[in-house]
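Each remark here refers to the structure printed beneath this line.
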Amino acid sequence: MKKPNNVSVIGGGSWATALVKILSNNCRVNWWLRNKSNVDFILKNKHNPSYLTDVTINIDKVNVTDNLIEALKKSEIIILAVPSAFLKDSLKEISKEKLAGKKIFSAIKGIVPDDLLIVGEYLQHAFNVPVNNIGVVTGPCHAEEVAMERLSYLTVACNNVENAKMLAQLLECRFIKTTVSDDIYGTEYSAVLKNVIAIASGICHSLGYGDNFHAVLISNAIREIKRFVDEAHPINRDINDSAYLGDLLVTAYSQFSRNRLFGSMIGKGYSVKAAQMEMNMIAEGYYAVKCIQEINKKFEVDMPICNAVYNILYLNKNARVEIAALTELLN
């Protein structure tokens, strides 16, 4: 299989920075960041001033730009790594024609809020991207461990498995192993839901619930995720695979999980706004839980953990009371 010469990464955050680091081992990377001052800083100092500042960017292999059209035009593969809430704004200057024939992979792990669509569905609706040219890059993998070159695993999913293999080959390196899948809907929804669960995990930790309870929480959570993804896209999948269960575990337990940190702050009594301001990062689960609540009106899946997180974040229910009620629903 012929490797593409160029891949575009869209986004300037920690995960985008980690992906650029990985990909530059195997190909040229066109890296778009919105902030021109960050572009100029990276070109001069060879690292991102805002995220993963210890990661050295190989400028000989990475074309850093704030011109989105320039970043896209030379690449056969595009990886989207901006927060889901900002995706539409990031792509507003791009026409359907600019994406024609491109293979587009989402590394976003969120839902486009106004449209209530996972990123793959949004690309189909807004840009007429064929489903076989849409894919997902998911974990279990935290950007911070990629920065430290700790062994990590990625799952690349696409209906056209050859496209998944093409990107997986570019992501393989000394500290990254890859798996391919054809389950674009299940892996993407699962990546969204695990962020919500991680918020619940953080809330429970701050409220004083221990490891014994967290084991019950996560075992219930993977069943909750399975119920939802099986209803949203019923195919034969093993929910215990790393793309589902593994990604849930690392996001719910890791010190690097921003969603767990966000939940932990909520459990300590922070308001949503105060927690967001102090983190200076996007916790995708905050936006996702509201979207899932709306989407689930169609599916009517039993989702007590997601419901509890929604009640705390959006209905201002007392976290201690809400989690106490949740404990009665788990087994």
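The values are calculated or read from the model by the stated rules, or taken from the named source; none is laboratory data. Not measured: the values here are computed from a predicted model. Neighbour counts are summed over all protein chains in view; Cβ atoms, including those assigned to glycine, are modelled from backbone coordinates with ideal geometry.
The criterion of being closer than 26 Å to Cys158 by Cβ and either assigned by TED's automatic domain parsing to the domain that holds Ala164 or of a type outside the set (Ser, Thr, Tyr) (or both) holds for Ile78. Among the residues of the stretch 87-112 satisfying the criterion of being of a type outside the set (Lys, Arg), in contact (Cβ under 8 Å) with a residue 24 or more places away in the chain and loosely packed, with under 12 Cβ neighbours inside 10 Å, which is nearest to Glu294 (Cα to Cα)? It comes out as Glu93. Of all residues in the stretch 134-182, exactly one satisfies the criterion of being of a type in the set (Phe, Trp, Tyr) and under 15 Å from the mean Cα position of the chain (by Cα), namely Tyr153.
I need the full set of residues from the stretch 63-80 which are of a type outside the set (Asp, Glu) and not in a loop (DSSP other than H, G, I, E, B), in order please. Lay out the reasoning, then the answer.
Kept after step one, since they are of a type outside the set (Asp, Glu), are these residues of the stretch 63-80: 63-65, 67-69, 71-75, 77-80.
Passing the criteria: Asn63, Val64, Thr65, Leu68, Ile69, Ala71, Leu72, Lys73, Ile77, Ile78, Ile79, Leu80.
One residue stands out among those in the stretch 81-118 that are under 15 Å from Ser8 (Cβ atoms) and not in a loop (DSSP other than H, G, I, E, B): the one that is nearest to the chain's Cα centre (by Cα), which is Ser106.
Please go through the stretch 1-51 and give me each residue that is assigned to a helix (DSSP H, G or I) and either on the phi > 0 side of the Ramachandran plot or in contact (Cβ under 8 Å) with a residue 60 or more places away in the chain (or both), ordered by number. Steps first, please.
Filtering the stretch 1-51 down to residues assigned to a helix (DSSP H, G or I) leaves 14-23, 36-45.
Those that are assigned to a helix (DSSP H, G or I) and either on the phi > 0 side of the Ramachandran plot or in contact (Cβ under 8 Å) with a residue 60 or more places away in the chain (or both): Ser14, Trp15, Ala16, Thr17, Ala18, Leu19, Lys21, Ile22, Leu23.
All conditions in (1) β-branched (Val, Ile, Thr); (2) in contact with a Leu (Cβ under 8 Å, 6 or more places away or on another chain); (3) in a loop (DSSP other than H, G, I, E, B) hold for Ile282, with the sole exception of (2). Of all residues in the stretch 119-144, those satisfying the criterion of being in a loop (DSSP other than H, G, I, E, B) and closer than 21 Å to Leu245 by Cβ are Gly139, Pro140, Cys141, His142. Screening Glu149 with (1) surrounded by 21 or more Cβ atoms within 10 Å (Cβ to Cβ); (2) part of a loop (DSSP other than H, G, I, E, B) gives one miss only, at (1). Does at least one position in the stretch 27-41 carry a residue that is surrounded by fewer than 20 Cβ atoms within 10 Å (Cβ to Cβ), under 14 Å from Ser75 (Cα atoms) and out of contact with any Ser or Thr (no Cβ under 6 Å at 6 or more places or on another chain)? Yes, the stretch 27-41 has at least one match.
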